[in-house]
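For reference, the structure is listed below as structure tokens.
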Amino acid sequence: IVSEILRLNEDPNVQGLALDLPESLYSSKVLNAVKPEKDVDGLSSVNLGHLVHGDDCVVPPTVCAVMELLGDTGGKKVLLVGVRGAEGAALQSVLQRQGATVLSCHWKAPQLQSELGQADTVVFGSAKPDDVPVSWIKPGATVIYGAHDLLSEKHNYGQQNNPGAGKSIGSLAVAMRMQNMVKNVERWIQSQQYRKWDFHSLKLQPLSPVPSDIEISRAQSPKAVDVLAKEIGLLTDEIEIYGQTKAKVRLSLLERLKDQPDGKYVLVAGITPTPLGEGKSTVTVGLVQALTAHLNINSFACLRQPSQGPTFGVKGGAAGGGYAQVIPMEEFNLHLTGDIHAITAANNLLAAAIDARILHENTQSDKSLYNRLVPVVNGVRGFSAIQLARLRRLGINKTDPGTLTEEEISKFVRLDIDPSTITWQRVVDTNDRFLRKITVGQANTEKGFVRQAQFDIAVASEIMAILALTTSLQDMKERLGRVVVANDKKGEPVTAEDLGVTGALAVLMKDAIKPTLMQTLEGTPVFVHAGPFANIAHGNSSVLADKIALKLVGEKGFVVTEAGFGADIGMEKFFNIKCRVSGLVPSVVVLVATVRALKMHGGGPNVTAGAPLKKEYTEENLQLVADGCCNLQKQIQIAQLFGVPVVVALNVFKTDSPAEIDLVCKIAKESGALDAVPCNHWSAGGRGAIKLAQAVEKAASQKNSFKYLYSLELPIVEKIRIIAQKVYGAQGIELSPVAQSQVDRYTRQ
């Protein structure tokens, strides 16, 4: 019985559970096995606890029926005889709350006769023994028979003219149980609606001087991730918990909240990067800490998952810094929930399939290949769904493997990959420079099939870009199938679908598609999902994380995401690629700058990571700052090309002078930024970004005329020309012969 109850507890199509069992089986073990939210009988300990406290809860049907029959019991003396267990406790609690004096006893109690003679109301919980005469009952008293078996009224207590005959609750209790079922389903429907956040921030006590990032991260005690999930309106069956501080969020939430209006969408971008770092992630985190922990506005940060390449290199992690971080920092920067490992596995499976296919085609006849690709299983040979799709692409409309001609078999089994055109490389998420150029196939088993290949960093895999742009599991599967890995010897593209591995790739990625929920130092929610580089892919976190976050924050909330590198590359790709795929419209661009970086753009001396800074960067130099602001002005103009309002966030360092800060803010506003705000979140947490949050909120209410820079229908060369001229300020473009041949090939394919 308990295992069946537990199964029904987990069935999302069951909203209520009623028990009709022999009385001997109504143990606390059985009653408490029912999930409290599915308990229509109201007999679990959790429900009874709520009942005793007077909370809104399910009242047991038998208790409802008794109360319905009794009406007002205030000031009356009520005797419960033979009413035991959970129902007895519930009835006693409800009667007492209504002002009745309640006594309870069993049939063999020595004081039973005197109690029956004094009670205004008597409730019998089981059949009356013959040795208890009706004459013991006080004349005019109300008598209720509370039969336990709700579905039948087996007890016949005599005719109505008998002074001891009372009212039996059987049918009424069944009706009350049905009412509880209706209430349960109403509650369930309510639970599926958008929930107002019940958010509690973590207190932050910034120290001066500011300790190291890892010390700050470890000094804060994060909330349990299931507590955070509940605060922001996630249901228990929408999260998959990884340890104490991370959880995957299921995509089913998008269906549940499909009618919920989206919140405001904010992009954090930066001026052209320098080795000094501008602090885009830090601003992103500081901004959401300010919005939610200090201004009580729902907000979500959506960040990219860092690669272990930069994490173990000079750049370091990507969790933000100072008092504006995602915690725990080690969890964020290292394995997280294994998404990059899943990408590595899927990428390398495809790479292995390419080389294996070339080897088999080089060493086997058509017939032998056909027998391996379409084997006889239990005397029957049949095409798989992916093979039938390949046959249709080849123009072979047959479904019986025995009917293909020799020519059709040859077309079907041979991909004829040209090894010199393979573009799909193996990947590993480590800076291992000696794998940049390698030779594969040197074992004797590879029969002399040797070729030059290479390893890329894992996040450079096209599968990472696909994860970041996908909108559903089905969409991801289709995108994986369309991946071009090489050309055949006729110059036609060969895809993952042709190799027959699409399903295998999708199944390796089935958990990676779900965003990971974490939190900031002040307990505000963060999604970490996908991390393609901006120089080779589009440099933005996932569409799915943004879409889920926009539903969760509600109409007045904010989702803040960031774009890699400078605004000229990361922001341009965010608008032209990511927003086009998602259909989402950005509300505001926050452009991050620092006085130090602007000095470098103004002609300051070169900076080497890790080396002490020259005096130009630590002393006031207004001329250098003014000269460098042309970079900031250009980035503001680029954002304006897309019709999105700009707020400049100036990340303040202790070496910046007030005059330098004022100069940058003045030039930014004169150049078209709606506002320019100095920020101290690195040293003060969310409190240091309150003015930025207020400026962003104000800018988000402005009229927005968002537009893309180019049409998808334009030729490749035209798209390149538009980006080069409008974004980078080039006069024109010139293609090398190699680039021209690639453009021609992609256009033809």
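A few comments on the model shown:
- Other-chain or far-sequence residues with amide H under 5 Å of residue 676's (modelled H): 648
- Counted residue by residue at 0.36 nm each, then reduced by the alpha carbon distance between them, the extension gain from residue 259 to residue 384 reaches 41.2 nm.
- Dipole magnitude for the stretch 238-320: computed about the Cα centre from +1 point charges on Lys and Arg Cβ and -1 point charges on Asp and Glu Cβ, it is near 160 debye.
- Separation of the stretch 657-688 from the stretch 80-152 is 76 Å, based on Cα centroids.
- Each Lys or Arg adds one and each Asp or Glu subtracts one; over the other residues with Cβ under 12 Å from the Cβ of residue 93, this totals -1.
- Separation of alpha-carbon centers, the stretch 485-518 and the stretch 525-539, rounded to whole Å: 19 Å
- DSSP-defined antiparallel bridges as percent of all bridges, the chain, nearest 5: 35 percent
- Residue-level accessible surface for residue 652, protein heavy atoms, 1.4 Å, Å²: 30 Å²
- Whole-Hz ³J(HN,Hα) from phi, Karplus 6.51 cos²θ - 1.76 cosθ + 1.60, for the stretch 221-238, glycine and proline x: 9, x, 5, 4, 5, 6, 5, 4, 4, 5, 4, 9, x, 7, 7, 4, 8, 9
- The mean accessible area for residues of the chain, using a 1.4 Å probe and ignoring ligands and nucleic acids, is 46 Å² per residue.
- In the chain, the ratio of gyration radius to Kirkwood radius, Rg to Rh, stands at 1.12 when only Cα atoms are counted.
- Based on the convex hull around the alpha carbon atoms, the stretch 267-317 presents an average projected area of 4.3 nm².
- Computed FRET value (nearest 0.05) for residue 654 with residue 179, which takes r as the C-beta separation and R₀ as 51 Å: 0.15
- Per the Debye calculation on the stretch 1-122 with a single equal scatterer at every Cα and no solvent contribution, log₁₀ I(q)/I(0) for q = 0.10, 0.15, 0.20, 0.22 Å⁻¹ amounts to -0.36, -0.74, -1.11, -1.24.
- Paramagnetic reach from residue 4 in the stretch 21-42 [backbone N under 12 Å; point 7 Å along Cα→Cβ]: 21-22
- For residue 418, residues with placed amide H under 5 Å, excluding near neighbours: 487, 488, 489
- The modelled label-to-label distance between residue 296 and residue 341, using points 7 Å beyond Cα along the C-beta direction, is 4.3 nm.
- Ratio of Rg to Rh for the stretch 503-647: 1.05 [Cα atoms; Kirkwood radius as inverse mean 1/r over pairs].
- As a rough guide to protection, the peptides 434-444, 675-685 ranked by mean Cβ packing within 10 Å, highest first, stand as 675-685, 434-444.
- Accessible surface comparison of 41, 259, probe 1.4 Å, protein chains only, largest first: the order is 259, 41.
- Per-bin percent of Cα-Cα distances, the stretch 340-509 [10 Å]: 9, 34, 36, 18, 3, 0
- Cα pair distances exceeding 17 angstrom across the stretch 336-395, given as percent: 62 percent
- Taking the stretch 575-610 and a reference point 7 angstrom along Cα→Cβ of residue 705, the backbone N atoms nearer than 17 Å belong to 586-589.
- Most to least packed among 263-270, 133-140, 7-14 [average Cβ atoms within 10 Å]: 263-270, 133-140, 7-14
- Helix runs (DSSP H) in the chain reaching 27 Å along axis by Cα, Kyte-Doolittle at least 0.0: 339-363, 622-641
- Rounded percent of accessible protein surface that carbon and sulfur make up, the stretch 51-110, 1.4 Å probe: 50 percent
- Checking every one of the trypsin sites (Lys or Arg not before Pro) in the stretch 531-623 against DSSP loop status and a limit of 12 other Cβ atoms within 10 Å picks out 556.
- Based on Cα contacts under 8 Å between residues 6+ apart, the chain shows a relative contact order of 14 percent.
- Relative contact order (%) - the stretch 224-342, alpha-carbon pairs under 8 angstrom, separation at least six: 19 percent
- Counted residue by residue at 0.36 nm each, then reduced by the alpha carbon distance between them, the extension gain from residue 171 to residue 731 reaches 192.9 nm.
- When the convex hull of its Cα atoms is viewed from all sides, the stretch 602-648 shows a mean projected area of 4.4 nm².
- For the chain, with +1 on Lys and Arg beta carbons and -1 on Asp and Glu, the positive-most of 294, 102, 80 along the dipole: 294
- Between amide H atoms placed 1.01 Å from N, distances below 5 Å from residue 242 occur with 247, 248, all of them 5 or more places distant or on a separate chain.
- Two-site label geometry, residue 637 and residue 722: point separation in nm, points 7 Å out along Cα→Cβ: 1.9 nm
- Label reach from residue 585 (point 7 Å along Cα→C-beta): in the stretch 631-656, amide nitrogens under 17 Å belong to 640-646.
- Panel values: the stretch 630-749, Kirkwood radius from alpha carbon pairs, Stokes-Einstein at 4 °C and 1.567 mPa s, translational diffusion coefficient 75 µm²/s.
- Here the extension length gained between residue 106 and residue 314 equals 67.0 nm, from 0.36 nm per residue of separation less the Cα-Cα distance.
The values are calculated or read from the model by the stated rules, or taken from the named source; none is laboratory data. Computed from a predicted structure; not experimentally measured. Counting neighbours? That spans all protein chains shown, and the Cβs are built from the backbone with ideal geometry, glycine included. Keep in mind that these areas ignore ligands, DNA and RNA; they rest on the heavy atoms of the full protein, side chains included. Shrake-Rupley method; radii C 1.70, N 1.55, O 1.52, S 1.80 Å.
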